[in-house]
Amino acid sequence: MPIYLTEADVNRLVTMSDAMSAVEECFRHQGEGSATTEPRRRVRVPAGMLHVMFAADRAAGVMGLKSYTTFADGARFHVLLYSAEDGSLLAMIEADRLGQLRTGAATGVATKHLANVDASVAAVFGTGYQARTQVEALAHARNLNEVRVYGRNPERRQEMANELCGRLGLWVLPVDSPEKALEGADIVTTMTSSTKPVFDGALLRPGMHVNVTGSNSLLKREVDDAAFARADLIAVDSLASVSLEGGDLLTPLQKGVVYPEALIELGQVVAGRHVGRTGADQITLFKSHGIALEDIVLAARVYEKAREQGLGEGFGGL
């Protein structure tokens, strides 16, 4: 019988460490060719929108979809998890917290595989809930000595710094300009809803690793053409998603600043089929779209732990 798991269940059952492990595994499977993911599809109605994305990880034995609605009063997220062995429905899982964890974990995995091993100072643009899980994942990927947080609202910058200092034990500093955030940083991560670049790409220094995570449409732009032009390596979570959800990447591609042939999937690096960073002075960049494969494998981890602990409400007849 399938089970239903709530946001509280997800928060109780899995940590960022679990998410990092699950997402790294799914990228490895993707790179090896045993997992597949399809880009998000959307249906609009006058009051809002339905979004659906799906994937299968044959090596993990699961497949499924995430669907969510975005209306004026907020968003609602659910994952349907199925067995890849017999097609049976295993669970329906509320997926807001799950999405926050997997998005941060994707950044963490990219940073683990692409940033310099001695990277210790991170600059984070954005002060929302998603930005906080970005910092948490970065701290799992590298031994951070300092995190700089920049956002337009001073109160929110300070609130985020205080919360992360207390919860993660990190040295987190709110800064009042993009330039102060970037100065001396080894890792740069954006998680905003900005419609224009949040920093000047000319300020990127050799050796930096950049994670671009907030934009998935032409209406949003977190980094400029210069940032993409200066990157020696650009990785994405799914090549198939670039044309639909490339966000910041679409304009550089259209202008010829970046050529499609230069893009690689992160899974190729994780699986050891692409070398990734080849020198300490290279600038590497990961453009995250957010793919269903990440949701499905983390949902499977949630389901496994729920079964072990006897959690979840049964709902028969499905």
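I'd like to know if segment 63-75 contains one or more residues that are part of a loop (DSSP other than H, G, I, E, B) and among the small types (G, A, S).
The answer is yes; a qualifying residue exists.
Take the residues in segment 82-132 that are of a type in the set (D, E, K, R) and out of contact with any Asp or Glu (no Cβ under 9 Å at 6 or more places or on another chain), then tell me which one is nearest to H29 (Cα to Cα).
Checked segment 82-132; the qualifying residue nearest to H29 (Cα to Cα) is E85.
Report, by residue number, each residue of segment 119-157 that is farther than 21 Å from G290 by Cα and assigned to a loop (DSSP other than H, G, I, E, B).
A119, S120, R142, N143, L144, N145, G151, R152, N153 - these are the residues of segment 119-157 that are farther than 21 Å from G290 by Cα and assigned to a loop (DSSP other than H, G, I, E, B).
How about segment 111-128: which of its residues are crowded, with 23+ Cβ neighbours inside 10 Å and within 9 Å of R142 (Cα to Cα)?
T111, A115, listed by residue number.
Hey, among the residues in segment 246-265 that are among the small types (G, A, S) and crowded, with 17+ Cβ neighbours inside 10 Å, which one's modelled with the lowest pLDDT?
Of everything passing the filter in segment 246-265, G246 is modelled with the lowest pLDDT.
Return yes or no: is A240 closer than 14 Å to S288 by Cα, in the same structural domain as V135 (by TED's automatic domain parsing), not charged (D, E, K, R) and not in a strand (DSSP E or B)?
Yes.
Of everything in segment 200-218 that's assigned to a loop (DSSP other than H, G, I, E, B) and over 19 Å from the mean Cα position of the chain (by Cα), which residue is nearest to F125 (Cα to Cα)?
Filtering segment 200-218 for residues that are assigned to a loop (DSSP other than H, G, I, E, B) and over 19 Å from the mean Cα position of the chain (by Cα), the one nearest to F125 (Cα to Cα) comes out as D200.
Search segment 60-73 for residues being surrounded by fewer than 17 Cβ atoms within 10 Å (Cβ to Cβ) and of a type in the set (A, V, I, L, M, F, W, C), and hand back the single one that is farthest from I291 (Cα to Cα).
A72
To keep it simple, each residue is scored yes or no on (1) aromatic (F, W, Y); (2) under 24 Å from P260 (Cα atoms); (3) at pLDDT 95 or above.
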residue: E163; (1), (2), (3): no, no, yes
residue: E179; (1), (2), (3): no, no, yes
residue: M191; (1), (2), (3): no, yes, yes
residue: K196; (1), (2), (3): no, yes, no
residue: G207; (1), (2), (3): no, yes, yes
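Do you know which of the residues in segment 1-46 that are touching a strand residue (DSSP E or B) at 6+ places or on another chain (Cβ under 6 Å) and surrounded by fewer than 17 Cβ atoms within 10 Å (Cβ to Cβ) is nearest to L168 (Cα to Cα)?
E7
Under the condition of being modelled with pLDDT of 95 or more and of a type in the set (A, V, I, L, M), which residue from segment 1-16 is farthest from the chain's Cα centre (by Cα)?
I3
Looking only at segment 308-318, which residues are part of a helix (DSSP H, G or I) and either free of Cβ contacts under 8 Å to residues at least 40 places away in the same chain or buried (at least 17 other Cβ atoms within 10 Å of the Cβ) (or both)?
Answer for segment 308-318, where residues must be part of a helix (DSSP H, G or I) and either free of Cβ contacts under 8 Å to residues at least 40 places away in the same chain or buried (at least 17 other Cβ atoms within 10 Å of the Cβ) (or both): just E308.
All but one of (1) more than 17 Å from F125 (Cα to Cα); (2) in contact with a helix residue (DSSP H, G or I) (Cβ under 8 Å, 6 or more places away or on another chain); (3) of a type in the set (A, V, I, L, M, F, W, C) hold for A231; state the number of the condition that does not hold.
(2)
Tally up the residues in segment 269-285 that are under 20 Å from the mean Cα position of the chain (by Cα) and at positive phi, please.
Of all residues in segment 269-285, those under 20 Å from the mean Cα position of the chain (by Cα) come to 269-271, 276-277, 283-285.
Right, trim to at positive phi and you get 276.
Number of matching residues: 1.
If you check E294 against the conditions, is it modelled with pLDDT under 95, within 26 Å of D9 (Cα to Cα) and among the charged types (D, E, K, R)?
Numbers: modelled with pLDDT under 95: no; within 26 Å of D9 (Cα to Cα): yes; among the charged types (D, E, K, R): yes.
So E294 does not fit the description; no.
Working only within segment 17-45, note down all residues that are in a helix (DSSP H, G or I) and modelled with pLDDT under 95.
Scanning segment 17-45 gives no hits.
Among the residues of segment 266-306, which ones are among the charged types (D, E, K, R), touching a residue at least 60 places away in the same chain (Cβ under 8 Å) and either surrounded by fewer than 24 Cβ atoms within 10 Å (Cβ to Cβ) or in contact with an Asp or Glu (Cβ under 9 Å, 6 or more places away or on another chain) (or both)?
Correct list: R273, R277, D281, K287, E294, R301, K305.
Of everything in segment 6-58, what is aromatic (F, W, Y) and under 20 Å from G87 (Cα atoms)? Give them in sequence order. Spell out the reasoning first.
Of all residues in segment 6-58, those aromatic (F, W, Y) come to 27, 54.
If the condition is that a residue be aromatic (F, W, Y) and under 20 Å from G87 (Cα atoms), then F54 is the only one that fits.
The values are calculated or read from the model by the stated rules, or taken from the named source; none is laboratory data. Since the structure is predicted, the reported quantities are computational estimates derived from the model, not experimental observations. Every residue, glycine among them, receives a Cβ derived from its backbone with ideal geometry; neighbour counts consider all protein chains shown.
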